[in-house]
1. Considering the dipole of region 102-149 built from charges on the beta carbon (Lys and Arg +1, Asp and Glu -1) around the Cα centre, which of T149, G128, A103 is farthest to its positive end?
2. Which whole-number percent of Cα pairs in the chain have a distance greater than 31 Å?
3. How big is the C-alpha Rg of region 310-422 next to the rule-of-thumb value 2.2 N^0.38 Å, as a ratio?
4. Could you give me the ³J(HN,Hα) list for region 249-256, computed from phi with Karplus coefficients 6.51, -1.76, 1.60 and θ = phi - 60°, whole Hz, x at Gly and Pro?
5. Of the listed peptides 211-221, 48-58, what is their order by residue-averaged count of other C-beta atoms within 10 Å, with the highest listed first?
6. Evaluate the Debye formula for region 72-119 with equal point scatterers sitting on the alpha carbons, no solvent, and hand back log10 of I(q)/I(0) at q = 0.25, 0.27 Å⁻¹, in q order, two decimals.
7. Highest mean first, how do 242-250, 31-39 rank when packing is the count of other Cβ atoms within 10 Å averaged over residues?
8. Can you put F129, F327 in order of Cβ neighbours within 10 angstrom, beginning with the fewest?
Amino acid sequence: SNQTETLEFQAETRQLLQLMVHSIYSNKDVFLRELISNASDALDKLRLESMIDKDLQVDTGDLHIELVADPEARTLTVRDNGIGMSRDDVVALIGTIARSGTAELLQKMRESRDAAASQELIGQFGVGFYATFMVAEKVTLLTRRAGQTEGTRWESTGAGTYEIGTVDDAPQGTSVTVHLKPEDSEDNLFDYTAEAKIREIVKRYSDFISWPIRMAVQRPGEEEGSSTTEVQTINSMKALWARPRDEVAEEEYRDFYRHVSHDWSDPLETIHMRGEGTFEYEALLFIPSHAPFDLFQREGRRGVQLYVKRVFIMEDCEALMPEYLRFVKGVVDAHDLSLNISREILQQDRQIQVVRRRLVRKVLATIKDLQANNAEKYRTFWTEFGRALKEGLISDTDNRETLLEVVSLASTHDPAELTTLAGYVERMKDGQSDIYYATGESRTMIENSPHMEAFRAKGYEVLILTDPVDEVWVEQVGQVDGKALRSIAKGQVDLDSEEEKKEAEAEREQRGKEYAALLTWLTEHLKEQVKEVRLSSRLTTSPACVVGDAFDMTPTLEKMYRAMGQ
Ligand code: ADP
Ligand code: MG
């Protein structure tokens, strides 16, 4: 059936398309990078599937990407003979945005009237296929899934709906034809059908793509005024991670980062390493400069891709990076693995575990290095990813020491600056043996808490911990450098020296006698709410405060559990 239907884009897609059509992003060249990136992914997927599924009847002998420009019709087509899409794939993948966090992103963009801020947001998000609508008045996609006979044709102007129908004669793979906006249109300054322009964009953004990108070009012929057409490969196809570090330009690293991360902004740090000996590998890793929107969502993307001798094996290879470093992006090329390796086997593989340990150590060393030598970058890093990194204090006991060194925390010492634990220890007062912390929802709440008074009076510094994960790691870690981590809201806080203690003890006894009747009366009347009422030396201005037992949950944890319905 060649019947064509008109379908509506999902609401979020519609909003995103609106932004694209009205071009909030100024660098329009990137639409071609996105299309080439998708074509490259499709070729990777086909090669892998053909290796795993021997019954798949496809010719993988000449996998490539082809660019066809038609200046007269003002179209540019990007074609690949990769995996292709079924009709359902097209509806699911092109008509909707599955990425979590999209709604929040759009909300933020609506709230910020500032064009530069919106641009920044969209750059962080990356819009993939939809970027074509920055330059197109219409986009036509023709595709056929490898192994299937029926093809699909999709077309849209980006205005709310798209047309979709089946076709009999689609070649295997996908072609995307961009019908360019009129040349005289104000925001369309470039001719994307010009050979020079196309070459420039490919060289700049897609040179490392490991499949040939071909284009037919006109060359002057033998005879005067004649010309011949010649097909050229216009990218160098060099796997960036396999090249020596000093031969790769910063710019190349950056463009490669954008390709693997689906992020449009620059990375914060690049880590290029190589392992030799019994188990060879190359790794090209990046620490992004922004946290992705789905960093704390379970179904969020997890960064590292696995290759085996230049062959793409899988995306989101969780065996190579611990959960708390899920923001790290990049490629690991391991030489001695089977191409058929499954996720389950990878998790068990001893060599993969060795590589993972090395990668983790290298990433942490890089962060430590930033902390020591580049305060500004370190601050950016910590603002974006500190919360995730603190999860490592719980799960990665092997690297706990290093993690404790790179952690930054708010403290009463300086309201404007975070402190390291080492900084805190250095400032500890004579006679102070413990590291004090307070947990709570916000700095203001903690600072106004009555528990704080005695510490303020003493001049003791208190760490201010406001992330839910803080509650857990302080418990698990217990001590730093032989100094106990102590909550100011738990148990008997011992703030006095021996001398002072004796005096206080005498005074307490005296006062205990004076107030015995009152305490008994209070305990009796409040027994539903509290375990015990006692006199305290920790308050200087508030008349009373509620404290937890040393082994009780802290108030924030209690709230967290209550919110979870426990
Ligand atoms: P992303 O590449 O980040 O997933 P895109 O918007 O670029 O997002 O593409 C959405 C999805 O559409 C891709 O994940 C892929 O499944 C599918 N797709 C896009 N282009 C192609 C193509 N040329 N061949 C096969 N599938 C494609
Ligand atoms: Mg893409």
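Each reported figure results from applying straightforward, stated rules to the coordinates on display, with no laboratory input. Since the model is a prediction, treat every value here as computed from it, not as a measurement. Because the Cβ atoms are built from the backbone with ideal geometry, glycine has one as well, and the counts that use them run over all protein chains shown.
1. My answer, from the dipole projection, is T149.
2. Values: 95174 of 159895 pairs.
For the chain, the fraction of Cα-Cα distances above 31 Å is 60 percent.
3. Working: Rg = 16.4 Å, N = 113, 2.2 N^0.38 = 13.3 Å.
Cα Rg divided by the expected 2.2 N^0.38 Å: 1.24.
4. Karplus-based 3J(HN,Hα) across region 249-256 equals 7, 3, 4, 5, 4, 4, 5, 5 Hz.
5. The most tightly packed comes first, giving 211-221, 48-58.
6. So the normalised log intensities are -0.91, -0.97.
7. Numbers: 242-250: 10.9, 31-39: 23.9.
Ranking, from highest mean packing down: 31-39, 242-250.
8. Numbers: F129 17, F327 23.
Placing the least packed residue first, the sequence is F129, F327.
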